[in-house]
Every structure is written in C-alpha cells, then in structure tokens.
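The values are calculated or read from the model by the stated rules, or taken from the named source; none is laboratory data. This is a predicted model, so every value here is computed, not measured. Backbone-built Cβ (ideal geometry, glycine too); neighbour counts: all protein chains shown. Each accessible area value is taken on the protein alone, full model and side chains, heavy atoms only, with ligands, DNA and RNA left out. Shrake-Rupley method; radii C 1.70, N 1.55, O 1.52, S 1.80 Å.
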Amino acid sequence: MCPDEEIKKGPAAGSRITPTAEKMAKKQQEISVTEFFEKNKHILGFDSRSKSLLMGIKEAVDNSLDACEEAGILPDIFVKMTRHPDDDYTVLVEDNGPGIVHKMMGNVFGRLLYGSRFHALRQSRGQQGIGISATVMYGYITTGKPAHIQSKIEGEDEVAWGMDIVIDTKVNRPVITNDKPFTWEGKEHGTSIEYTIKGRYITGKQSIFEYLKDTAIVNPHSKITFIDPEGKTFIFERATEVLPEKSKEIKPHPTGLEIGSLLKLAQISEQKNVKSFLTNDFSRVTPRIADEILKKAAINPDLKPSALKHDDCKKIIKAIETVKIMAPPTDCLSPIGDTLIKKGLMHVLEGLRPDYYAPPITRAPKSVNGNPFIVEAGIVYGGEIPSDGPVSILRFANRVPLLFQPGACAITKAVSNIDWRRYGLEQRGGKGVPFGPAIILVHIASTKVPFTSEGKEAVADLPEIQSEIELALKLCARSLKSHLNKEERRKKTHAKFEIVQEILPEFAEKSASFLKRPVPNLDMTISKIMNVVWIEPTEVKDKKKKLRTITYTIYNYTQAERKMSLHAQLPKDAVNLTLFSGEYFTEMNDEGKVTWTVPNIPPAKHVEITFELSGDMGDVFSSSDVYISGINPVMVMGAEMLPGDWGIKGMEITELDSDYVADDTDAEEVEEVEDLGDE
C-alpha cells in the first residue's frame, strides 16, 4: 500500500490526531478572574513599585469618600505609612464612614468584581469592585502578609469587628482568619484597612502627597490627615461643610444601545409588552416616543419583550437613531460646581498666593454612548506659581485625581489643541501644553467615565468629551485674557492718574502763587485728561470672625454724568443681608446674583457700595469679579461687561461721548466681548 493511500484512510489518520486533541482538551480549564489579574497586575495599575504604593492608597481613599457621601457624613480620612526593611510599607487608611456589616466584610475586601455600584447608572468613584480587593491581593503577593480589616456600624450596642483577609485566587473567595469582635474606643462608626505592600516612596508630581492634595481640591468637604514614612504630618483641612448633591440612579438611555444589550434587557424585563418595556425600562422614553420607535421598526407594540428576536432588536436600534430623544437626566451626576471648585483651589493653593482665579466653568450636560457627562474647568494664574515651565494640568474624573498617563488622556490633548497665545500664555507653534505661571483644572463627571484601562489613569479621547473640554477651557481662558488686558490697562491708567494727581496740582499751586491768584479747581481738568469711569475695590478682612468687608468706590473721571448698574454673584450663604438695604441695592436672586443701581454720578465725583461676607464660603468671592451694565464697557476701568447669560433685560448701554477716544486696549476689549458673544 502506497503512503498516499495510507493517509486517505480515515481510521489511521484519526488514530494519529485524536490523542493530541484529547491531551489539549484536558489542559483547558476555566480561568478565575482573580488569577487573571494576579498574573496581569499592570492592567490594574500595579506596574511599578512607586505606582503600586500610590494605587493602594488611592483605592482605599476613594472607597472611604464614596461611603461617607452615600451616608451623608462629612469625610474625615486618616492615612499613615510605616517603612520597613526591604522596601516593605505598612499602610493604614481609616475613615468615619457608616461602616460595613460584619458578614459582608470578607466579600468587600476579599473578592474581585464584587460591589454595589457596577450595575447602578449613577456617578461614583469606584464601580468595578476591583480596586480595594486588588490591593489586598497585591499586598499578599508581594509580602505574604494578610490585610487587617476593622469596621464598626452605627449603634451603641454594636461592637466592632476585626479580621485578617487574603484572597484564594483559584476561586476568587476570601480566606478569613482572626475574626473577632472588639471595642473600638472613641469610634462611633467607620472602617479601617491595614496592609503591607512592596513599594517605593517618592515625592513630586506623581507622589502620594500630590494625590491627597489634589483630592482635597475637588473634595473640599473632606478632611484628610497624612503621616508619611518619615513621620511628618500633613493635614488638609475641610474647606466647607457643604456635602455634594447625592447622585441618583437612573435607567439606561436608549441612545447608543447595542443589539446584545437590548436583547438581554428584553429577556429579563418584567413588562408585559414591548411598548411598556421601552417606556418603563429606559429613561426619556415617553409613550409617544415608544409608539414612534415601534412604528418605524414595524414591531407590534403588544409583543412580549422576551419574544423579541435579533432582527427585531436591530430594527428598534435603527429606529431609535432616527427619533429625537431627550438627553439622559443629570441628577445621576454630582458635579463639583463653580463655587466649590474655586473654594477647593483657594484652600489648597493658598501658599502660592495666585493673582487671579478665572471664574470656573461648568458646561451644560451632554451624553456619549447613552451615558451623561459634565465637564468643569478652572484656571489659576500668577502669584508664586512657577513661570519658567509648562503649566500644571490637574486632571480629575468623578472627583478622583488622574496622575498617570497624561499624554494618553483626552484632557491633555484638549489643552494641547488650544492656541493659548491668544489668551496670554506662551506656546511654541500654537500647539502643545502652554508655558506660564498658570494651573489648569479639568473635571469630568459621568455615570461611566471612558477610561483607557482598568487602572483608571486616563480618559479616552472620544470626540464628544474632548470637544466639551476645549469649549470649557476656552471660556476660562477668555476670562484670563480679559483680566490680563484690564490689568495692563489699569497699570497704565493708574500711572497716568498718579502723574496727573501729583504734577497738575503742584503746577497749579506754583502758578497761582506766582500770579498771586487763587488756586483753581482742577477736578474737571483731571476728568477731561483721565476720561474714564474708575471702579476701585477695597477690602478689610477679619480672619478670626471669618468676615470680609468689601467696598466699591466708583469714580466718574469723565466730563458727563454717568449712571450704571453694578452686578456681582455672591455666595448666598455668606451674605450679610443687613447691609443690603442701602440706597443703591436693587435685588438679589436665588442664585446670589446681586444688582446695585447707581444714579447719575456728576463729573469728578464718586459713590461707594459696601457689603459684608462671612463664614466658610465668604472668601470664595473675588472682588475683581464685578460686572456693569447700562454704560459702555470701554469707558469703564475695573469691571467687566455683564454676561448675556445673566438674563437681565432692559440694560441699555449709554452711547459714547463724541469726544471719547478709545485706545488700543479698548479695541481689544470690544473684540473680546464680541468673540465671547459669538461663543
């Protein structure tokens, strides 16, 4: 028999192949999720000794903040590090949260992908249920020591429980030892985790200190105490007692749904028909919209959801793309807000004494792939911020600092895409991170932040998100440019004012003495030379009483009477209403927007407006953040034109005098105002 005939015969060929296939089949087995991450620790961010040390603390602090906020408790977090030989570090993170029920402690700290937030469509720092249990796993892998957990829930009769935990990576289950109750002296409720981990402690931009400092900026309602390996104590005090608004869970939004997801939701739905399924199991779908979707998809509204087939779901998704549906509700999000962003920046960056805080911007909500998101931004400028290097970019997602992979992040790319030369910062070629004495802050709040990896270190550069970041930054940058322009103009005008005030009176006095005549009144002459309405803020602080008294003096250095309205947005909780009954005060709305109506000011005369701010939020208001209406802004020094989004009608601008001559800076201001209006 020839070899070819031998190969063609089935049994002989099968006798050579089958044993190999069976051996391979015996080697195939299910991979535990814990085993996968144990062998791929870098995916979770544990890819270097220094980074691993930070990631463990980050996950513990994030969990503490989430737990406290859910329970309505102002967070008080304690972090302590102890250095041992061979680069071993013991880390203790303790909070004053609601505590964890005893029987759940093992699952929370000893199982990967176990948690309460993964299926909930609302904003939170942690969602996958990986972080803190991965820290326990990594600590045991690198040092062989278990994590020690302590927790106490609220109640006089409740005892605290302590236990040691390691993870059985084969079955993704906790192995618990030393599970004992104890009396936690001085602790009404809270949780602590203590673990030992291999690491390398560093200082600088990607250090634990920087992470905690940045966390304090976007979580001004928290107090964080940190004891470093050298025994030095750093305390980031609570800047406000205002807790963030609680985010509410929402239903899925139909926009961006995939066929498999729709099929799965239809199979588990408890609704009796497809119309009820769309109306009750999704957000923003009304009965009218459901009818429109089903009509376009040619689906019977009375069909049971479980009876939907692949082609039916495909038709429904195509129909959804053609129907106009409202964006997802935003009460599932908890943005920081303009006031608290500024409060956090002022509180933490006080040592740098910045000259200017651009009014923070909170953009209107948008959605991407059916998930709502909000972009917030702020810029700090001047003072002792270093000016000889790139600006610092503070990146945040759901109130969590992003310290790594800046180059891969949508936030950094958005900053690099803007031509910052237009706004007063140095930038080579009009692209890239600008140079100058500035700090840029960007925060993204979403039910599902599209991170580039499970380590949650950078935001994916989706076009919708990157566009919103750029728009928010441009609005902040325009405020910065306007401030720099006005400061330059103020300096020039102030120098001119000092010369006129000193030289002219002296010249008039000597001339009158020589001619033996009375010294003339130079007020109108000075007004003609100055030709400006000058608004000068002065401030008196009483730190003990947390009291600020602010006075605006409005000088009319023009040749005609001037009238106008002065506007400011004040932190309403800090306003002393007893001083808001003067002759110029007009109104204050629910947002804290105040209007003073100033009557005709004669040439060379002035009026004063005074008010007080008190309490923790009193220092948020900047006296330079004042606006005017009813007068052309190019003749005013010390106030911006009232933004159009304030919704104040009937504020007609007075025409310029025929003899008023605007300088180059005035032209820049007019161009800036028009540019902002177009935006």
For 418, 503, the accessible-area ranking with a 1.4 Å probe, largest leading, is 503, 418
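Between residue 179 and residue 70, what is the FRET efficiency for a Förster distance of 30 Å, r being their Cβ-Cβ separation, to the nearest 0.05? List each step's numbers first, then the result.
Working: r = 26 Å, r/R0 = 0.85.
After rounding, the FRET efficiency stands at 0.70.
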With 0.36 nm assigned to each residue of separation and the Cα-Cα distance removed, residue 83 to residue 504 gains 144.5 nm
Given a 1.4 Å probe, the accessible area of the range 68-107 per residue, as a whole number of Å², is 43 Å²
Any residue on another chain or 5+ positions along whose placed amide H is under 5 Å from the amide H of residue 593 is listed here as 570
So for R0 = 41 Å, FRET eff. of residue 587-residue 561 from the Cβ-Cβ r, to 0.05, ends up at 0.95
Per residue, accessible area of the range 347-498 with a 1.4 Å probe, heavy atoms of protein chains only, in Å², comes to 38 Å²
Rounded to the nearest 10 Å², the accessible area of residue 310 using a 1.4 Å probe with every protein chain kept is 100 Å²
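How much length, in nm to one decimal, is gained on full extension between residue 230 and residue 353, taken as 0.36 nm per residue of separation minus their Cα-Cα distance?
41.5 nm
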Checking rank on 421-432, 530-541, with mean other Cβ inside 10 Å and highest first, the result is 530-541, 421-432
Working note, the range 351-475: Cα radius of gyration (Å, one decimal) and Dmax (Å, whole number) are 14.2, 43
Karplus ³J(HN,Hα) for the range 430-436 (6.51 cos²θ - 1.76 cosθ + 1.60, θ = phi - 60°; Hz, whole; x = Gly/Pro) runs x, 9, x, 5, x, 10, x
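Quote the FRET efficiency, to the nearest 0.05, computed for residue 309 versus residue 20 with a Förster distance R0 of 45 Å and r equal to the Cβ-Cβ distance.
Efficiency at R0 = 45 Å is approximately 0.65.
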Descending packing, highest mean Cβ count within 10 Å first, for 217-228, 545-556 is 217-228, 545-556
Phi angles of the range 510-515, converted by Karplus (6.51 cos²θ - 1.76 cosθ + 1.60, θ = phi - 60°) into ³J(HN,Hα) in whole Hz with x for Gly and Pro, give 5, 5, 5, 5, 5, 8
The simple spin-label model distance between residue 296 and residue 416, using points 7 Å out along Cα→Cβ, in nm, is 3.8 nm
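At a threshold of 8 angstrom on Cα-Cα distance, excluding pairs fewer than six apart, so keeping six or more, what relative contact order does the range 438-538 reach in percent? All intermediate terms of the calculation are to be shown ahead of the outcome.
Values: 25 pairs, mean separation 14.3, N = 101.
Answer for the range 438-538 is 14 percent.
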Rounded to the nearest Å, the spacing of the alpha-carbon centers of the range 300-357 and the range 363-398 is 18 Å
Two pseudo-spin positions, 7 Å from Cα along C-beta at residue 551 and at residue 271, lie apart in nanometres by 6.5 nm
For the pair residue 49 and residue 104, the simple spin-label estimate (label points 7 Å beyond Cα toward Cβ) gives in nm 3.8 nm
Rounded to the nearest Å, the spacing of the alpha-carbon centers of the range 239-265 and the range 183-203 is 32 Å
To the nearest Å², the heavy-atom accessible area per residue of the range 516-581 with 1.4 Å probe amounts to 58 Å²
On the accessible surface of the range 263-415, probed at 1.4 Å with all protein chains in place, carbon and sulfur together account for a percent value of 51 percent
Measuring from its Cα centre, the range 155-248 shows a charge dipole (+1 at each Lys and Arg Cβ, -1 at each Asp and Glu Cβ) which, in debye to the nearest 20, is 560 debye
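Sort 507, 209, 109 from largest to smallest accessible area, using a 1.4 Å probe on the heavy atoms of the protein chains. Walk me through the intermediate numbers first.
Numbers: 507 140, 209 60, 109 10 Å².
From most exposed to least exposed: 507, 209, 109.
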Residues whose built amide H sits under 5 Å from the amide H of residue 394, excluding neighbours closer than 5 in sequence, are 440, 441, 442
